[in-house]
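The values are calculated or read from the model by the stated rules, or taken from the named source; none is laboratory data. Keep in mind that this is a model prediction, so the values were computed, not measured. Quick reminder, even Gly has a Cβ in these numbers, built from the backbone with ideal geometry, and neighbours come from all protein chains shown.
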Amino acid sequence: MRQTILRLWNSMRRQDAEARKAALRIGVLLGVFLLTVPVLSHAQINTGAIVGRLTDPSGAVVVNAKVTLENIATGIKDESNVTPTGDFAFRGLPPGMYKLTVVATGFNTFEETNIEVTVATTTNRDVHLTLGATTTAVTVNASAVAVQTASSTLGTVVGERQVRDLPLNGRNFTQLLVLTAGAASPGTTGIWGNPQAGDYRQPSINGQDTNSTGWVLDGTNNRSNFSGGISAAPVIDDIEEFKVVSHSDSVEYGGFLGGYVNVVTKSGTNQFHGAAWEFLRNDKLDARNPFKPNVNPLKQNQFGANLGGPFIRNKAFFFGSYQGFRQHVGSTALYRVPTPAMMAGDFTGENPIYNIFSTRPDPTNPGSYIRDPFKCDAAGIPIVPNADGTQTGGTACQKVPTSMLNPQALLYAKTLFPAPVNTGVPGTNGIDTAPQIQNQDFFSGRGDYQITPSHSVSVRVTHIDSPNISSGGIIGSSFLRESFGYNMGVNYTYTITPNTIFHLNFGRTWVNLHLSSKWNNLDYDSVVYPNWPWACGKSSGFGKHNCWAPLMAIPAFAQVNNFDAHVGQTNIWEATPNLDRIEGRHYLKFGFTFARHRIWATTQRAFEFFDYRQTADLNNLGSTGSGVASFFLGIPSGGGTQQPSWTWGIYAQDQFKVSPKLTINYGLRWDLYNPGQYGTPGTTNYYSGHMDMLKGTYLIPADPGPCSTVGHAPCIPTGALPAHVLVAPNHKIFKKVWDNWAPRVGMAYRLKPNTVLRAGIGRYYDTWGNADVAVVQSEGLWPDSKAVASTLKNRIFFDPTATLANPLNITIGQAAQPDPNGPFDISGRQWMDPDIKNAFVDQWNAGVEQQLGSNTMMEVDYVGSRGMRIPVTPTLGAATVPGPGDPTLREIFPYIAPSPNTVDWGRNWYNALQATVRHNFSHGLSYSLAYTWSKSMDINGNQQPYNLLHAEKAVGGNDFTHVLAIGGVYQLPFGQTGSKLATSSRADNTIIGGWQLNGILQGSSGTPYGVFFCGDIANLGRSDCYMRPNLVGNPSVSNPTLTGWFNTNAFATPAQYTYGNEGRNILRGDGLVNLDLSLFRDIPIHERFKLQFRFETFNSTNTVTWGNPVTQLGISGVTGHVYGTRSTERQLQFAMKLYF
């Protein structure tokens, strides 16, 4: 190592003065950056490499040779030294086509053209020189495909032609991820800051969570911290290629458990080239959704253009693009609102309701409580209540005396809820047909500059602006989503010597998401302020009093969340310097990475919750009680009003070419994770606290001082910290994680020239995926001013103290102060264990890759993994042992309200057989086939108590037993471009030539699910629907129907104070089959111009894949019914493109 460093130093000294000055400037800038910014490793994963060995006819290595590589599109050349073992290497190559030239005295000059370099792939090109003169050239054309002999990494490259030609709904490249074995789409959409046009897919890669996928654009992070999805999906006409990379034996990959989606954009070349396009869709030829009477009205346009070319030939290049998207789609949303009968106190048809004011101890069962049902006389008229709310005499009925109905609830219902209508769909009585309007403008620019033969730089900026308007979920409401963001990347390469290269990647991702929902015609000053003054006086709002109409959260009824939120400002700075060195048969790589993630969010709203338990029989919670009855009685269960992190890593890797047949990769990576903290020092939000559910404490970063001195929140109401409230050590609630060591090793053995055996094993830590998502979704509260109180004051069994008019029991007009009772009444929030550690997965794979001819490749792999410390979110704080009486007496910390809490107790397992066949374009045909047979299991879920989590091992939500995807491009064999009916007539060829058929066929097994029911039968003190039933029969049916997808009679309600015995995810949904097709015609206009007409169909056969059924038991006429589809109905699209 010492000799290597000395040789490196001496070689740097011999560089010209200008190179040394450039290196010094880079070093100073890097040093300043390291000192000022605390740092994900993408390293050079956006490039490829060519390696090889020179031999003579006898097989001996050739050392004294000049090896040159030329980028055919740009004319940029590079040279490589030949090591004493005859090896040469070109690293950090932009994807594209290259020409390799070898000149050695005594041998014929060797030239190989059209060598394809793909992203994150090492291409082997061994050269066998023939005796002769250097003036004689031996030229060969490279094989279109070649086995990968340098790595055990899994992945499939999707090239520019596939991206450009295959049918994509909404022109979104993520639909092509299924062409990689091991990638499956659960149907989730993960774009948080910038909703993209089309059907966005957030994949599960090799059984991992969809949040565990990294998104990289030209070597720069392109991921949203909030959703775990992509921040800015590039326009497909800008994509050179992309690759889904997983199970990498290279330690420069870090931060994600599943893999990376590695996208490389196009650059300019020595020729000007570009395109212009417009894609049109409307509802006239679309099929109808089977659950809707008509096709939704639709008008959709996508249009744009791009242009690339040289600034300076062979030296500087540009590429830029614009795309606009305009969509106006009719929407039909079903909902349920209270009926006039309910507003008159008649709840017939609901579950039996009980009078909360009659709650009293059960004399026959100490520790338990009983209630009386509401009562009516013989004529069915409600009994007039006593002064304390109880009723005397009568028989049980479903009617509440009108004198007990809350006036604010009646006003709210009559003012805001529209009149019910007959929808024909059980459980609904309203239809909202407000259109959804989506606009989007996309800009991207890239520049590449070969400064000197030793220095090059690439800069790209991508910008998206997307305002969208839709219904707020009910007639009379609206929802606005405004997003704005950009992704910037800079890649600098300094070739110190032909064997030593320094890389620096610097990037920034910035996304701002503004969400707002409101009632369109509500007079906030005359309606909200007099009736809900506690919901007014915010820093922003409607009317002169800055009011927010409270969200009235009634289970199974329409809810309009009147709010204003900046919830997705993601700001990520990152830098990745690394050094590559070739030393004999060793390719050494050293680097460190750092990234700073900053998330800013604020929300203004008001809300109240109405629980069925307020009107339920306490000894029969599973089938009694009504949330809407609790609403009209004015008895809420709760209400309320309503940071940076960084990672640092270092790695070292050696790619050791043991022999011409065997290459071994081994390396070690270490990541330091520093999770985000609440608030910003020096501002009021700095004091926002967090619950430690496992220790029974509440942590605040600092003591803001007593309210008597400060005068307003954040402050401590009593002056002294309440019991169990602590100031966090070093003012940091969440702990750093130091033990993220990730060793990896892989091997590739060339059994035959066209056959390679590969195997690898390694550890991978999650420092970006679920880790960040878990932190940002945790909500800090007391004693911060943005969340004055969120209490569960009606959790007690006796008379309610919180009312609909004033659920927080605050004095109107006073400065907002925290709840004097402290933070422990906070309910409904998601917390995270402050001591949580990063999840990790041990992954292994073994397989064989076989070249079949010059254009076809087949690969078969066994892929396995075991995940530890996986984030799960059980409900903590509730009792864990079923039984009668007050459940708080069985809680570990009875002063803490039950809440979901993210901990690192999860596990997962994945085993799969994966097969891939790829055929590069030749004779008018290219195709790609990916098949996966797998089983994914995990320990997860929030049903049953958390202390039985080990019993939750089952197939996970990402378990797709079979996944098959085939994508193909076929140039029809007619005219000049084909082999059939070809003529010499230009007119004939214009008519019959230029046709191309393209398609994607996808099939996958159904997703797992289980059934549940609501009701705290075990009496744990939980209000969520956590109970599982007893399994008493076969839940599957031989012929599922939309009204009977599973056998509901196979499930029974457990006995009081017990758990159900049903296993997790014991049922499966409908399997997916989908075929997308496109047919287009190229019409030559000029030597460099062609016009293309396209006709595309999505779900061409209109095959319906039904969604999973309603799995909540106890809903008559609804449970087991299917109300949606997993597939999209057939859609048609027309387009025209101009290429030059």
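Assess whether residue 829 counts as being in a strand (DSSP E or B) and of a type in the set (Lys, Arg).
Working: in a strand (DSSP E or B): no; of a type in the set (Lys, Arg): yes.
So residue 829 does not fit the description; no.
Let's see how each residue does on (1) crowded, with 19+ Cβ neighbours inside 10 Å; (2) not aliphatic (A, V, I, L, M):
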residue: 1068; (1), (2): no, yes
residue: 1080; (1), (2): yes, yes
residue: 1094; (1), (2): yes, yes
residue: 1105; (1), (2): yes, yes
residue: 1132; (1), (2): no, no
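Within the stretch 661-684, if we keep just the residues that are surrounded by 19 or more Cβ atoms within 10 Å (Cβ to Cβ) and not in a strand (DSSP E or B), the residue that is modelled with the highest pLDDT turns out to be 675. On the stretch given as the stretch 945-962, residues that are surrounded by fewer than 22 Cβ atoms within 10 Å (Cβ to Cβ) and not in a helix (DSSP H, G or I) total 7.
Residues that are under 30 Å from residue 877 (Cβ atoms), part of a strand (DSSP E or B) and out of contact with any Asp or Glu (no Cβ under 7 Å at 6 or more places or on another chain) within the stretch 990-1029 comprise 1009, 1012, 1013, 1027, listed in sequence order.
Only residues that are aliphatic (A, V, I, L, M) and surrounded by fewer than 15 Cβ atoms within 10 Å (Cβ to Cβ) were counted in the stretch 1053-1066, giving 1.
You will find that of 484, 479, the residue that is at pLDDT 80 or above and of a type outside the set (D, E, K, R) is 479 and no other.
Do we find a residue being of a type in the set (D, E, K, R), more than 31 Å from the chain's Cα centre (by Cα) and modelled with pLDDT of 80 or more anywhere in the stretch 522-534? Yes, the stretch 522-534 contains at least one residue that is of a type in the set (D, E, K, R), more than 31 Å from the chain's Cα centre (by Cα) and modelled with pLDDT of 80 or more.
The residues listed here are 756, 745, 773; of these, the one that is of a type in the set (Val, Ile, Thr), modelled with pLDDT under 90 and either out of contact with any helix residue (DSSP H, G or I) (no Cβ under 7 Å at 6 or more places or on another chain) or not in a loop (DSSP other than H, G, I, E, B) (or both) is 773. With respect to (1) in a loop (DSSP other than H, G, I, E, B); (2) under 13 Å from the mean Cα position of the chain (by Cα); (3) modelled with pLDDT of 85 or more, the lone exception for residue 234 is condition (2). Residues that are within 24 Å of residue 415 (Cβ to Cβ) and of a type in the set (D, E, K, R) within the stretch 328-360 comprise 336, 346, 350, listed in sequence order. Please name all residue pairs, on different chains or six or more residues apart, with Cβ atoms under 6 Å, provided the first residue is in the stretch 753-781 and is among the aliphatic types (A, V, I, L, M) and the second residue is modelled with pLDDT under 55. Hits for this filter: 781/787.
Per the listing 460, 446, the residue uniquely within 30 Å of residue 92 (Cβ to Cβ), in a strand (DSSP E or B), of a type in the set (Lys, Arg) and more than 26 Å from the chain's Cα centre (by Cα) is 446. Of all residues in the stretch 334-366, those being among the aromatic types (Phe, Trp, Tyr) and either assigned to a loop (DSSP other than H, G, I, E, B) or under 42 Å from the mean Cα position of the chain (by Cα) (or both) number 2. Within the stretch 687-724, restricting attention to residues that are closer than 21 Å to residue 824 by Cβ and modelled with pLDDT under 80, the residue that is surrounded by the most Cβ atoms within 10 Å (Cβ to Cβ) is 714.
Of the residues that sit in the stretch 996-1021 and are of a type in the set (Ser, Thr, Tyr) and closer than 30 Å to residue 925 by Cα, which one is surrounded by the fewest Cβ atoms within 10 Å (Cβ to Cβ)? Filtering the stretch 996-1021 for residues that are of a type in the set (Ser, Thr, Tyr) and closer than 30 Å to residue 925 by Cα, the one surrounded by the fewest Cβ atoms within 10 Å (Cβ to Cβ) comes out as 1005. The selection criterion, being farther than 23 Å from residue 137 by Cβ, among the basic types (Lys, Arg) and part of a strand (DSSP E or B), does not hold for residue 53. Within the stretch 129-150, the set of residues being of a type outside the set (Val, Ile, Thr) and surrounded by 14 or more Cβ atoms within 10 Å (Cβ to Cβ) comprises 129, 142, 143, 144, 146, 148, 150.
Restricting the first member to the stretch 995-1008 and to residues that are within 30 Å of residue 956 (Cβ to Cβ), and the second to residues that are among the hydrophobic types (A, V, I, L, M, F, W, C) and in a loop (DSSP other than H, G, I, E, B), the beta-carbon pairs closer than 9 Å and six or more apart or on different chains are 1000/166; 1000/168; 1004/960; 1005/960; 1006/960; 1007/960; 1008/1066. Annotation: of all residues in the stretch 826-885 being among the hydroxyl-bearing types (Ser, Thr, Tyr) and farther than 30 Å from residue 942 by Cα, the one that is surrounded by the most Cβ atoms within 10 Å (Cβ to Cβ) is 856.
Among the conditions (1) surrounded by fewer than 21 Cβ atoms within 10 Å (Cβ to Cβ); (2) in a loop (DSSP other than H, G, I, E, B), residue 92 misses just one, which is (2).
Looking across 892, 896, one residue alone is surrounded by 21 or more Cβ atoms within 10 Å (Cβ to Cβ), outside any strand (DSSP E or B) and not aromatic (Phe, Trp, Tyr). It is 896. Tell me yes or no: at least one residue of the stretch 910-920 is modelled with pLDDT of 90 or more, within 19 Å of residue 867 (Cα to Cα) and surrounded by 19 or more Cβ atoms within 10 Å (Cβ to Cβ). Yes, because at least one residue in the stretch 910-920 is modelled with pLDDT of 90 or more, within 19 Å of residue 867 (Cα to Cα) and surrounded by 19 or more Cβ atoms within 10 Å (Cβ to Cβ). Taking every residue in the stretch 70-89 that is more than 19 Å from residue 116 (Cα to Cα) and pairing it with any residue that is assigned to a loop (DSSP other than H, G, I, E, B) and aliphatic (A, V, I, L, M), at least 6 positions away or on another chain, the pairs with Cβ-Cβ distances below 7 Å are 82/63; 82/65; 84/63; 86/62; 86/63. Being among the polar types (S, T, N, Q), under 30 Å from residue 181 (Cβ atoms) and modelled with pLDDT of 60 or more, is that true of even one residue in the stretch 821-835? Checked against the condition, which is being among the polar types (S, T, N, Q), under 30 Å from residue 181 (Cβ atoms) and modelled with pLDDT of 60 or more, the stretch 821-835 yields no hits at all.
The condition of being in a loop (DSSP other than H, G, I, E, B), buried (at least 17 other Cβ atoms within 10 Å of the Cβ) and either in contact with a Cys (Cβ under 6 Å, 6 or more places away or on another chain) or modelled with pLDDT under 90 (or both) holds for only one of 413, 409, 434, that being 434. Being among the basic types (Lys, Arg), within 26 Å of residue 651 (Cβ to Cβ) and at pLDDT below 85 holds for only one residue in 201, 223, and it is 223. Which residues, counting only those in the stretch 846-870, are more than 15 Å from residue 756 (Cα to Cα) and in contact with an Asp or Glu (Cβ under 6 Å, 6 or more places away or on another chain)? 866, 869 - these are the residues of the stretch 846-870 that are more than 15 Å from residue 756 (Cα to Cα) and in contact with an Asp or Glu (Cβ under 6 Å, 6 or more places away or on another chain). Could you grab me the full set of residues in the stretch 241-258 that are small (Gly, Ala, Ser) and part of a loop (DSSP other than H, G, I, E, B)? 248, 250, 254, 258 - these are the residues of the stretch 241-258 that are small (Gly, Ala, Ser) and part of a loop (DSSP other than H, G, I, E, B). The set of residues from the stretch 204-240 being buried (at least 24 other Cβ atoms within 10 Å of the Cβ), at negative phi and among the charged types (D, E, K, R) comprises 209, 223, 238.
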